[in-house]
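One structure is given here, and the rest of the page talks about it.
Here, each number is a calculation from the coordinates, and none is a lab measurement. As the structure is a prediction and not an experimental result, all values here were calculated from the model. FYI the Cβ positions are ideal-geometry reconstructions off the backbone, even for glycines, and counts take in every protein chain you see.
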Amino acid sequence: MEKILVVNAGSSSIKTVLFGADLTPLSAVTVAEIGGESTLRIGTKTVPVSAQTHLSALSAILDALAEDGHPLTSLSAAAHRVVHGGRGLLAPCRITPAVEAEIQACIPLAPLHNPHNLSAIRAIARLAPDLPQYASFDTAFHATNPEEALRYALPAAEEAKGIRRYGFHGISYAGVVARFPEITGNPLPQRLLAMHLGNGASLCAIRDGRSVATTMGYSPLDGLTMGTRTGEIDGNAVLRIAADHGIDRASAILNRESGLRALGGSSDMRTLAEAGTPQARFARKHFCYWIIRHAGSMIAAMGGLDAVVFTGGIGENDAEVRAEVAAGLGWLGAVLDARANAAGGLRLHAETSKVQLWKILAYEEQTIARDALAG
């Protein structure tokens, strides 16, 4: 039986899920607080662990899997989420020295993510040098956008540095496309607006199964209001903030202190809903307003709309947000089934709706495992 270990490495945590060949999850292990008071969680059990580096964290994960009945010798591959593939890595692939070098070259484009993705790849290579490794890229799904959607109107010398739109959440969107028919029992709609709504949030216009536009750009900062990111902001406003505070402080403000946190006092939509203060209500309204407004742009890029999919933590769990977004698309004939929405159902549209509305769980780890098995 093939077993694929999916690895999602961040700066201070590594999350892993072990899948069988039929994409059934067999075990999940997470190490948190790498470099500090680290803990390992497997199933419902959490224990302290020594994990000062990604190497020691992955060693602890492999030991825990072995104790759970999945020794290293039983693994057939490791598969990694890599945030940025740049212009060269446009599809899931097996990791070779050339691919590793390309991921390394993309570090200036994703300095907060790619270094940690690479650390996990290199750690697995040390711990299990004969284990094949694969990578799936969050940027790759959007490589099908037309050049006019990807190119900023910048001088050629700046564009040559890699300053262009890439888009993110591509693994989530690829999973929606792959799983839509089997989950809904319906063919993939020709013009699908996918909404990945979470602490990071974006929209993707998918025509005939291919991304033609998305709201994130050069980085995950652009587009929608997010948990701690501003979303769309005028470049001269960014320059003003940088002039007032310096580059590093401006980056912290834009990426970690803005968004819902700045507007409502919390980056968590559940906390804002429970707070019920004027500021919290405004933050939630702001979030929905910019989803609806950017949806118009995505719909124009597709030339119309046949269906909407909500995914991500907010998209899957916040019925009020889904209802407000659906109401904002009412001019297109979208009609929500209020009872199905309140119950968190899969199908959310009423019989009279001209637009399908669906909720599909974001199984990004399963998508990465599927990519590795196909490789």
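Things worth noting here:
- Residue among Arg249, Arg229, Arg81 with the largest mean-square fluctuation in a Gaussian network model of the chain, springs linking Cα atoms under 10 Å: Arg249
- Rounded if a/c under 1.5, otherwise prolate or oblate - segment 45-199, Cα gyration tensor axes: oblate
- Candidate cross-link partners of Lys161 among the lysines, defined by an alpha-carbon separation under 16 Å and a same-chain spacing of 8 or more, are absent.
- For segment 135-142, 3J(HN,Hα) per residue [Karplus equation, 6.51 cos²θ - 1.76 cosθ + 1.60, θ = phi - 60°, Hz, x = Gly/Pro]: 9, 10, 10, 5, 8, 4, 4, 8
- Measuring nothing but how far apart in sequence close Cα pairs (under 8 Å, 6+ apart) lie, relative to its length, the chain scores a relative contact order of 14 percent.
- For segment 3-137: rounded, prolate or oblate by the Cα gyration tensor [a/c cutoff 1.5]: oblate
- Karplus-derived 3J(HN,Hα), 6.51/-1.76/1.60, for each residue of segment 185-201, Hz, glycine and proline x: x, 10, x, 4, x, 5, 10, 10, 9, 9, 10, 8, 10, x, 4, x, 9
- Here segment 61-176 is treated with +1 on each Lys and Arg Cβ and -1 on each Asp and Glu Cβ, and its dipole about the Cα centre works out to around 280 debye.
- For the chain, a simple Cβ point-charge model (Lys and Arg +1, Asp and Glu -1, everything else neutral) yields a dipole of about 480 debye relative to the Cα centre.
- Other residues with beta-carbon under 12 Å from the beta-carbon of Ile241 carry, at +1 per Lys or Arg and -1 per Asp or Glu, a net charge of -2.
- Straight-line cross-link reach from Lys15 at under 19 Å between alpha-carbon atoms covers these aspartates and glutamates, not counting any fewer than eight positions away in the same chain: Glu33, Glu37, Asp63, Glu67, Asp68, Asp138, Glu364, Glu365, Asp371.
- Residue among Ser59, Ile368, Ile253 farthest towards the positive dipole end of the chain, charges placed on Cβ: Ile253
- Whole-Hz couplings from phi, Karplus 6.51/-1.76/1.60, listed for segment 107-114; x for Gly and Pro: 4, x, 7, 9, x, 8, 10, 4
- Between helix 54-67 and the chain: long-axis angle, C-alpha atoms, 0 to 90°, nearest 10: 80
- All-pairs Cα distance distribution in the chain, expressed in whole percent, bin size 10 Å: 5, 22, 31, 27, 13, 1
- Around the amide H of Ala307, modelled in the peptide plane, lie the amide H atoms of Arg191, Leu193, Gln356, all under 5 Å away and 5 or more residues distant in sequence or on another chain.
- When each of the peptides 16-25, 239-248, 205-214 is scored by how many other beta carbons lie within 10 Å of its residues on average, the order from highest to lowest is 205-214, 16-25, 239-248.
- Computed per residue of the chain from DSSP H runs no shorter than four, each worth -39500 (n - 2.57), the mean residue ellipticity at 222 nm is -12000 deg cm²/dmol.
- Counted charge near Ser266, where neighbours are those whose Cβ lies closer than 13 Å (Asp, Glu -1; Lys, Arg +1): +1
- Cross-linked pairs Lys3/Lys45; Lys3/Lys285; Lys285/Lys354; Lys3/Lys359; Lys3/Lys354; Lys45/Lys359: Cα-Cα separations exceed 32 Å for Lys3/Lys285; Lys3/Lys354.
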